[in-house]
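Asker: Let me begin by handing over the structure; questions about it come next.
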Amino acid sequence: MIIIDAGHGGWDPGGGSNVYFKEKDLTKKISDYQKRRFDELGLDAVEVRIDDETLTPNERLARIQSLGAGPDDVLISNHINFGGSGGGEVIYSIRGTRQLPQMIAEELKKEGLPIRNVYTRIGSQGRDFYFILRQTAPNNAMIIEYGFADNDADIKRLLYEWPRLAEAVVRAVATYFEVPVTPSQTIIHIVQPGESLFSIGKLYSVPIDRIKEDNRLTSDIIYPGAELIVRR
């Protein structure tokens, strides 16, 4: 089982927030995407946070425990960083190995995200520093930081390329479980500056009318940053 934890939620927007996005919203988008893709690939995946709900640390742990997670399962906790630096990080439990975290980091690098570090952090009494790693059952438990909310390059990447970052994690996990990664028939396309419905339709070989219908568009006008569903 793959457990996907969208960081923060409800009254807690997350420290990795800025004027463009809230961490809790972006981590939920990433988590929803990953859940859908794991389902498409036939991998058993569940989300911890169902919607924009507030979960205390104890409630989050109880939710994970209620899923019946065991040592052989995988736990991914999605987050956005903050604090004057840039790039991604993968922090994994001292109970696990570096193999899957490193695979995830390598796939994220392929999508243009610089990786600052892949590491463990040990707290008091020689245990994991972060509660989500320390107090959950899966040995393959990790926190993925997809960039910094106060870094211009990371902000642009998170705004326009978060589906690619989410897909990178899916590729790594599927490869780890030796499951072939087939392309999704439903794409989330973030409109880039200068793009039009014509150019997007041409990119995916999809009629413009289908894109408009699937996204309930009443005109051909689209704006950078808009999220479009594209069915192949």
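FYI, it's all coordinate maths here, none of it is from the lab. Here the structure is a predicted model, which is why all the values come from computation and not from measurement. Ideal geometry is used to build each Cβ from the backbone, glycine not excepted, and the neighbour counts take in all protein chains shown.
Asker: Enumerate the aspartates and glutamates that Lys22 could reach by cross-link, defined here as Cα to Cα under 15 Å, with residues fewer than 8 away along the same chain left out.
Answerer: Lys22 reaches Asp12, Asp51, Asp52, Glu53, Glu145, Asp150, Asp154.
Asker: How many percent of DSSP beta bridges within the chain run antiparallel, rounded to 5?
Answerer: Numbers: 11 of 30 bridges.
Antiparallel bridges make up about 35 percent of those DSSP assigns within the chain.
Asker: Sticking with this structure for a sec: Neighbour counts of other C-beta atoms within 10 Å: give me Trp11, Trp162 arranged from fewest to most. Display every interim value, and only then the final one.
Answerer: Working: Trp11 9, Trp162 23.
Lowest to highest Cβ neighbour count: Trp11, Trp162.
Asker: Order of 68-79, 216-227 by packing, highest average Cβ count within 10 Å first? Mind showing how you got there, number by number?
Answerer: Details: 68-79: 19.2, 216-227: 10.8.
So the peptides 68-79, 216-227, ranked by packing, come out 68-79, 216-227.
Asker: For Gly15, what is the net charge nearby, where nearby means another residue's Cβ is under 13 Å from its Cβ and Lys, Arg count +1, Asp, Glu -1? Numbers along the way, then the final one.
Answerer: Values: positive: Lys22, Lys24; negative: Asp12, Glu23, Glu145, Asp150.
Here the count lands on -2.
Asker: Rounded, prolate or oblate: pick one for the range 140-191, where a ≥ b ≥ c are the square roots of the eigenvalues of its C-alpha gyration tensor, a/c under 1.5 means rounded, and failing that, prolate if a/b is larger than b/c, else oblate.
Answerer: Numbers: a/c = 4.00, a/b = 1.39, b/c = 2.89.
Oblate shape, in that a/c is at least 1.5 and b/c is the bigger or equal ratio.
Asker: Taking amide H atoms as placed 1.01 Å from N in the peptide plane, list the residues 5 or more away in sequence, or in a different chain, whose amide H sits under 5 Å from that of Ser77.
Answerer: So Ser77 has HN proximity to Asp5, Met142, Ile143, Ile144.
Asker: Share of Cα-Cα pairs in the range 1-80 beyond 17 Å, in percent? Don't skip to the end; give the middle numbers.
Answerer: On the way: 1381 of 3160 pairs.
So the pairs more than 17 Å apart make up 44 percent of the total in the range 1-80.
Asker: Still on this structure: Contact order normalised by length for the chain, with contacts defined as Cα pairs under 8 Å and 6 or more residues apart; what percent is it?
Answerer: Values: 446 pairs, mean separation 47.7, N = 232.
Reported relative contact order: 21 percent.
Asker: So, R0 is 35 Å and r is the distance between the beta-carbons of Lys202 and Arg36; what FRET efficiency does that work out to, to 0.05? Intermediate results must be reported in sequence, preceding the final value.
Answerer: Numbers: r = 25 Å, r/R0 = 0.72.
Taking R0 as 35 Å, the efficiency between Lys202 and Arg36 is 0.90.
Asker: A follow-up question, please. State the extension gain, in nm to one decimal, for the chain segment bounded by Gln135 and Asn58, taking 0.36 nm per residue of separation less the distance between their alpha-carbons. Write out the running numbers ahead of the final one.
Answerer: Working: separation 77, 0.36 × 77 = 27.72 nm, distance 0.96 nm.
Length difference between fully extended and current span is 26.8 nm.
Asker: Here is a further query. Let's test the formula: R0 of 25 Å, r as the Cβ-Cβ distance of Asp44 and Arg231. What FRET efficiency results, to the nearest 0.05? Write out the running numbers ahead of the final one.
Answerer: Numbers: r = 25 Å, r/R0 = 1.00.
Once rounded, the FRET efficiency stands at 0.50.
Asker: Counting each DSSP H run of 4 or more residues in the chain as -39500 (n - 2.57), what helix-only mean residue ellipticity at 222 nm follows after dividing by all residues, to the nearest 500 deg cm²/dmol? Numbers along the way, then the final one.
Answerer: On the way: 7 runs with 84 residues, N = 232.
That comes out to -11000 deg cm²/dmol.
Asker: Can you work out the Karplus-derived ³J(HN,Hα) for every residue in the range 14-30? Use 6.51 cos²θ - 1.76 cosθ + 1.60 with θ = phi - 60°, whole Hz, and x for glycine or proline.
Answerer: Per residue, the Karplus-derived 3J(HN,Hα) values read x, x, x, 10, 7, 6, 8, 7, 9, 4, 4, 6, 5, 5, 6, 4, 4 Hz.
Asker: Between rounded, prolate and oblate, where does the range 186-231 land on the alpha carbon gyration tensor, with a ≥ b ≥ c its root eigenvalues, rounded for a/c under 1.5, else prolate if a/b exceeds b/c? Display every interim value, and only then the final one.
Answerer: Details: a/c = 1.28, a/b = 1.15, b/c = 1.11.
The shape class here is rounded.
Asker: Right, something else. What lysines could a cross-link reach from Lys29, if we take a straight Cα to Cα line under 19 Å and drop same-chain neighbours fewer than 8 places away?
Answerer: Partners found: Lys156.
Asker: While we're on this one: Once both labels are modelled 7 Å past Cα along the beta-carbon direction, what's the Thr182-Ser66 spacing in nm?
Answerer: So the two model labels end up 3.4 nm from each other.
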